[in-house]
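To start, the structure under review is shown below, and the notes come after it.
The values are calculated or read from the model by the stated rules, or taken from the named source; none is laboratory data. Predicted model, so just to flag it, every value in this text is computed and none were measured. A quick note on method: Cβ atoms are made from the backbone with ideal geometry, for glycine too, and the neighbour counts reach across all protein chains shown. All accessible areas refer to the heavy atoms of the entire protein, side chains included, with ligands and DNA or RNA removed. Shrake-Rupley method; radii C 1.70, N 1.55, O 1.52, S 1.80 Å.
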Amino acid sequence: MDKMKFLVTGCAGFIGGHMLDFLVGKGYETVGVDNFSTGKPENMANCRGLFTFVDGDISDPAVSARAVEGVSHIIHLASVPSVPRSVANPIESMQSSVASTVVLFAAAAKAGVRRVVQAASSAAYGDSEKLPKTEDMPPAPLSPYAASKLAQEYYGMAFSASMGLDCVSLRYFNVFGPRQDPKSEYSAVIPKFITLMLEGKRPTIFGDGAQSRDFIYVGDVAAANLAAALHPGPLRGQVINVARGERIDLNQLVAKINDALGTGLAPIHAAPRTGDVLHSVADISKAKKNVGFVPEVAFDEGLRRTIEHYRKV
Ligand code: UD1
């Protein structure tokens, strides 16, 4: 087989850092690029000296051209990943997702990259009531973030069809794991609740806590990315859900963290968050059928590893 070399965009991000760990751990030659807009050097710390780092913004054609040099596979994760942040700043969302993706894809097509796996989002489904979510449902973007991520999917299809760049878009559901930022106003619920409860503080649930999410461990997301990258045969811009296919509601989540910590902290209930999706769960059969990916880390095991991490920091 031809030589393989991976590029991870957004390699200083939460998922990007785990992707580096995963690829470097398997001995792949790896390049990473990040502009530190939301990423942090600590997320790359395990791989220091074991991969090539390009410090820059892929929306600069010169940076993208440098990053894709000699690369066979791209895992494209770079983006500003927040729904509320995109509502506050829709132009930033478009530039960080859509515009930079087109620059990257143009460089990749020119350099003869074999496959691009890109991060898409379950936000594409909007609040449609049909469960589980299947990839053939019509998209319904409710935020600039969702619209940007959908536009990325369409560019994946377009470059696959007309530019000779084979892409696949993975719609991640709610990703969690060690090193996810717990402190920002835009932080995801799991790192937020774990860090609060480790300090003996009560977590705040927006609404009655019956809302549910399909949480997937970050190591499984890295494995899904690699499975999609290495899958033989063209994927032609396909869109594929990446999740566990199981629902956990927020009351259950608090109970599980209480169990793990040996605490009995009752949640505070506040007003529901505007635009919050009530339930989200994926049909994951396409991932298995089309790229051979099946999640391996049970929710409780992922939560245990995540709590272990926050105990130490
Ligand atoms: C959404 C998208 C996801 C996207 C992510 C990016 C959906 C189904 N999911 O995640 O695809 O990648 O945004 O940011 O559209 N909550 C509390 N208390 C808190 C924090 C959160 O109760 O302190 C609740 C929220 O109201 C929500 C749930 O926890 O019901 C999960 O919230 P969060 O972790 O922010 O992720 P989503 O909004 O589901």
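Here are some notes:
- Ratio of the Cα radius of gyration of the range 47-133 to 2.2 N^0.38 Å, where N counts its residues: 1.28
- For the chain, carbon and sulfur atoms together expose 55% of the accessible surface, with a 1.4 angstrom probe and every protein chain in place.
- What the Cβ-Cβ distance of Asp208 and Glu185 gives, at R0 = 25 Å and to the nearest 0.05, is a FRET efficiency of 0.65.
- For Pro191, the shell of other residues with beta-carbons less than 12 Å away shows a net charge of +2, using +1 for Lys and Arg and -1 for Asp and Glu.
- Between the range 193-260 and the range 267-313, the Cα center-to-center distance that results, in Å: 1
- 10 Å binning of all Cα-Cα separations within the chain, expressed as whole percents from 0 upward: 6, 28, 37, 22, 6, 1
- The residues of the range 251-313 expose on average 58 square angstrom of accessible surface per residue, using a 1.4 Å probe on protein heavy atoms.
- Percentage of interatomic Cα-Cα distances in the range 66-221 larger than 20 Å: 56
- With the convex hull of the Cα atoms taken as the outline of the range 206-313, the averaged projected area works out to 8.6 nm².
- Difference of contour (0.36 nm per residue) and Cα-Cα distance, Glu296 to Ala271: 5.5 nm
- Accessible area per residue, Å², the range 104-240 with all protein chains present, probe 1.4 Å: 37
- At full extension, Asp55 and Ala255 could sit 67.8 nm farther apart than now, given 0.36 nm per residue minus the alpha carbon distance.
- 18 Å Cα-Cα reach of Lys133 towards lysines, excluding residues that sit fewer than 8 places from it in its own chain: Lys149, Lys286, Lys288, Lys289
- Nearby aspartates and glutamates by direct alpha-carbon distance to Lys192 (threshold 12 angstrom, same-chain neighbours under 8 apart not counted): Asp181
- Normalised per residue, the accessible area of the range 8-100 is 42 Å², obtained with a 1.4 Å probe and no contribution from ligands, DNA or RNA.
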